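Participant: For reference, the structure I am asking about is given below.
The values are calculated or read from the model by the stated rules, or taken from the named source; none is laboratory data. Given the structure is predicted, the values throughout are model-derived calculations rather than measurements. All Cβ positions, even for glycine, are placed from backbone atoms using ideal geometry, and neighbour counts span all protein chains on display. All accessible areas refer to the heavy atoms of the entire protein, side chains included, with ligands and DNA or RNA removed. Shrake-Rupley method; radii C 1.70, N 1.55, O 1.52, S 1.80 Å.
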Amino acid sequence: LVLGRTNAIQIVGLGAAMIGLAHLPVAFRLRVLLILAAGAALAAMRVNVLHVPLSGAIWPIFGAMFMFRMIVYMYDLSTRAAPVGPWRAFAYFFMLPNVCFPLFPVVDYKTFCRTYYDREDVEIYQAGVEWMFRGVLQLLIYRFVYQHMVVGPDAVVTSLDAARFMLTAYLMYLKISGSFHVIAGMLHLFGFNLGLTNNRYFTDYWRRINIYWKDFLQKVFFNPIFFRLNKKMNGTAALVVATLSAFIITWALHSYQWFWIRGKFPVTWQDIVFWSMMGVLVLGSM
C-alpha cells in the first residue's frame, strides 16, 4: 500500500531470493559467498552499473531490511542460536515499520525470536503504546529545536552561541531516538517484547545512545575478534585491538548504510576523526 504494487513485488522478490540463498542445502561458507556475490550485484544495480528494470525507489527500503539484518541472521544461523524457518525469516526481514523508516534499529534475530510473547500480551501492547507516545514526544521536541533553536556554525560569535550550537546539534539525535521508539513500540503491538533502543543517553553515551547497534557490534565483531586475539596475546592488547577494530568497522558500516539509502559511499575526514576519537575515548574508559 505504501510503496505501490510494483515496488512491493520487487522488494519481496529480491528479499525472498536472499532468504533462499541463506537456506540453500550447501556448505555454510558457500552460502556466505553466494550472499556476498548477490550483495555485490545488488550494489552494482544500486548505482546503475548494472542496468536492470528495477525501480530506484526500492533501494533505501530494501537496504534497510537486509544490509545489517542479513549479517545478524547468518551469524545466528551459523551458531544455531535461535530456531529458523520460512515464517520466522520473513517476519524478521519484512518488519512492518520498515516501509516508512529507512533508518531502522539493528534488531537481533535471537532476541526477536526469544521475546515473542514472553510476557502477558496486554503488558507487551501497553509497553508498545507507551514507547510510541515517548517517540512522538521526542519527534515533536526535535521539530521545535530544529525550527526555532538551531544555529549554523557561521553564526557562532560568543561562547553562548557556541554552547547553543553544540547543544542543538546534540539534540538533533532526538529524530533517531524518537523514530526508534516508534518502531520498537509498533513491534510490541505484534507481540515482540524487544528492549529499549535508546535510554538516557546523556550519560554512558556509547552504551545508551543506540543500544541495538552496540549489541550488534559487540556480538558480531568485538567478541569474536577479542576472544580470538586473547589466545595469541595478553588481554589488554587484545582489548585495544578489538575496540579500535570495532570502531573502524562502525565507521565503514555507517558509510555502507548511507550507500543503500543515498547511493553514495562517503569517505570524509570528519567521519574518520569522529569515530577515531570516539574509539579512543571508549577504550580509555574501558
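Participant: Considering only protein heavy atoms and a 1.4 Å probe, what is the carbon-and-sulfur percentage of the accessible area of the stretch 108-192?
Facilitator: Here it works out to 66 percent.
Participant: Within the stretch 45-108, report the trypsin sites (Lys or Arg not before Pro) that DSSP leaves as loop and that have at most 14 other Cβ atoms within 10 Å.
Facilitator: Sites meeting the loop and neighbour criteria: Arg80.
Participant: On a 1.4 Å probe surface of the protein chains, which of Cys113, Cys100 comes out largest in accessible area, and what is the full order?
Facilitator: The ordering from most to least exposed comes out as Cys100, Cys113.
Participant: If you find the alpha carbon centre of the stretch 3-34 and of the stretch 186-200, how far apart are they in angstrom?
Facilitator: Comparing the Cα centres of the stretch 3-34 and the stretch 186-200, I get a distance of 26 Å.
Participant: Could I ask something else about it? Find the centroid of the Cα atoms in the stretch 91-133 and in the stretch 205-238, then give the distance between the two in whole Å.
Facilitator: 25 Å
Participant: Let me ask something additional. In Å², what does the accessible area per residue of the stretch 14-114 work out to with a 1.4 Å probe?
Facilitator: That works out to 47 Å² per residue.
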